[in-house]
Amino acid sequence: MSASTEKIRFLHLLLTLAQLPAFAPASWAQETFDLEDYFILTQGSRWHYTAINGASTDDDFAWEVLPETITVTGGHEATRIYTDVDDPGDSRMDDEDFWYFDSNGDLYFAGFHNGVADGGGTFPAQTIILTDPIKIGGRDMEIGEVVMDTGAGTVQTALGPINATIQSTITYIEVMDQVVTPLGNFKNAIRLHIEISGSAGFVNFDIKDADVILARHVGMILQSQEFDQDDAEAHAIDGGFIAGMTITDDPPCTNFLNPMMVGTIDVQDLEDPSGLAASTKNPGVLWTHDDDGAAPNLYAISTTGAHLGTFTITGLAPGDWEDLAVGPGPDAQKTYLYIADIGDNAETRAQINIYRVEEPAVSSSQAPPLMRNIASFENFPLVFPDAPDNAEAFLLDPTTLDFYIIVKKGDGKSRVWKAAAPHTHNQQATLELIDTLYFDNQVTGGAVNQDGSQFAVRTSTEIFTFTIPAGKTMQEVITGFTYQPCVVSTMTEDDGEAVAFNPNGGFYTTQEVSANKAGGQPLFFYPDLASNAVGGSWTTYR
């Protein structure tokens, strides 16, 4: 690093712009974001970064939010972010920079503390409060937005105080589907570009071609910065914590309590319970079904797995049923079961199908199990516009009756298809590709809660839970980069397959196989803070 650059430490600190957001081109051009979600000033937070792309690990460093604030221009209480360099001889050691969000949600860089004297003592250790803080960004920002501002302050030198000015240009560029770091693979990360120039008396400085990549609710995960032609660095996150919680590439859900095994599925004819749905008509009842090639049966079970009934859909040939949903339908006074015949391991099917039947009545204490036929059903055939896909996850939006199908891929790169309502019996519809989501494993199931405010996508080891804010649609959340899921790690399951929301909080899961392939599959419940009990409580649509 050149001596002149080294002298102005707040220059380095401005690279904490590292935690601003940049946005994606075409498909997300209309989506806005708040900088507060990407620039983290939370107490108890620390990020560590290691050199990548051949850069020297002597430059590895950490940023840490200090517990004490500092009063800056305008009377604002600014957060102090401390720089801790692995090399104790580095001139950045003990530096701090000062940041605050104002009441409008705008972020400002307000000054810095130069912890080590620079330039042979020309620039002593000192605290500098900018008389004109630099605006970085704010709320309701958009992809492609450019924020330009000029800041000013007074710097102490061995010869006395000198005035300094800074010009910053920050461009919010794009959303990156996936960014690989030593800590993990971060999805829908944001890249921004920084250009900074300025002067302090006889010293001129600039930052050229600095790129920063941020993750929502995490902050900076990668930076590539160039101070001058002789000094280029690249660092990526390899550890840290936010508010005392360890940073991971997929943030854990904090509203779910420890899962528990609540029973085993006691249905002797059921080998692979591939789909699972909680009844809203029959409190305490779950619905499930078998997998590829099995008889067209729906099985009612209790929340401890007791067999309550077998319901055979007459006139329906065996298929590859992979998921199940409960929701409204044509008669507002009734509830319906939606069966997703969407499996296609060989990827050769000319069409897939969603079947709809009226939900039967069954008691949660029914004994012995009922044996009934379902005489009528509706068939909604679907085709892919390009080539067949194998899928196991089906989402029914209860507010619109739109269908969403998430493809199963070994690498977790899952295309999401949509069939918009209304749906017509025996009338083929072409699916629309709306996005590609990235998971750490292949997707095996999906579920939506009763009021459509949450949906979950599960893999064999994790459940990704998405929240749909008021006024937003499921499609907006799936395609929007600011709506990140939280993650629940599943109980140990031999072949984790299905997930179903409890109507009043928490969710159930099960696996496909059991030891004897004839019943006995474990049934798990994941209570949340709302239910806080095995099975929670139950409500109905009407």
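Does at least one position in region 275-293 carry a residue that is farther than 23 Å from ASP397 by Cα and more than 33 Å from the chain's Cα centre (by Cα)?
Checked region 275-293: at least one residue is farther than 23 Å from ASP397 by Cα and more than 33 Å from the chain's Cα centre (by Cα).
Return the residues of region 450-486 that are under 23 Å from ASN258 (Cβ atoms) and surrounded by fewer than 21 Cβ atoms within 10 Å (Cβ to Cβ); say none if nothing qualifies.
GLN454, SER460, THR461, GLU462, PHE466, THR467, CYS486
I'm trying to understand the selection: among the residues of region 404-426, which are free of Cβ contacts under 8 Å to residues at least 60 places away in the same chain and either outside the structural domain of GLY319 (by TED's automatic domain parsing) or not in a loop (DSSP other than H, G, I, E, B) (or both)?
ILE406, VAL407, LYS413, SER414, ARG415, TRP417, LYS418
In region 243-262, what residues are crowded, with 18+ Cβ neighbours inside 10 Å and in contact with a Leu (Cβ under 7 Å, 6 or more places away or on another chain)?
Matches in region 243-262: ILE247, ASP249.
Does region 302-324 contain at least one residue that is surrounded by 21 or more Cβ atoms within 10 Å (Cβ to Cβ), hydroxyl-bearing (Ser, Thr, Tyr) and either out of contact with any His (no Cβ under 6 Å at 6 or more places or on another chain) or under 20 Å from ALA447 (Cβ atoms) (or both)?
yes
Scanning for something in contact with a strand residue (DSSP E or B) (Cβ under 8 Å, 6 or more places away or on another chain), small (Gly, Ala, Ser), surrounded by fewer than 18 Cβ atoms within 10 Å (Cβ to Cβ) and outside the structural domain of VAL487 (by TED's automatic domain parsing), does region 201-209 turn up at least one residue?
Yes, the conditions are met somewhere in region 201-209.
Is there a residue being of a type outside the set (Ser, Thr, Tyr), within 30 Å of THR303 (Cα to Cα), in contact (Cβ under 8 Å) with a residue 40 or more places away in the chain and not in a loop (DSSP other than H, G, I, E, B) anywhere in region 434-445?
Checked against the condition, which is being of a type outside the set (Ser, Thr, Tyr), within 30 Å of THR303 (Cα to Cα), in contact (Cβ under 8 Å) with a residue 40 or more places away in the chain and not in a loop (DSSP other than H, G, I, E, B), region 434-445 yields at least one hit.
Checking THR150 against (1) in contact with a Ser or Thr (Cβ under 7 Å, 6 or more places away or on another chain); (2) at positive phi; (3) of a type in the set (S, T, N, Q), only one condition comes out false. Which one?
With respect to (1) in contact with a Ser or Thr (Cβ under 7 Å, 6 or more places away or on another chain); (2) at positive phi; (3) of a type in the set (S, T, N, Q), THR150 is out only on (2).
Can ASP290 be described as among the charged types (D, E, K, R), surrounded by 17 or more Cβ atoms within 10 Å (Cβ to Cβ) and under 18 Å from ASN373 (Cα atoms)?
It is true that ASP290 is among the charged types (D, E, K, R), surrounded by 17 or more Cβ atoms within 10 Å (Cβ to Cβ) and under 18 Å from ASN373 (Cα atoms).
Give me the residue from region 472-501 that is modelled with pLDDT under 85 and out of contact with any strand residue (DSSP E or B) (no Cβ under 7 Å at 6 or more places or on another chain) and, out of that set, farthest from TRP287 (Cα to Cα).
Per the criteria, the residue is GLY480.
Any residue in region 363-385 that is without any contact (Cβ under 8 Å) to a residue 40 or more places away in the chain sitting within a Cβ distance under 9 Å of a residue that is of a type in the set (Ser, Thr, Tyr) and surrounded by fewer than 16 Cβ atoms within 10 Å (Cβ to Cβ)? List the pairs, counting only those 6 or more apart or interchain.
SER376/THR314
The values are calculated or read from the model by the stated rules, or taken from the named source; none is laboratory data. Just so you know, these numbers come straight off a predicted model, no measurement behind them. Cβ sites come from the backbone with ideal geometry, for glycine too, and all protein chains shown count toward neighbours.
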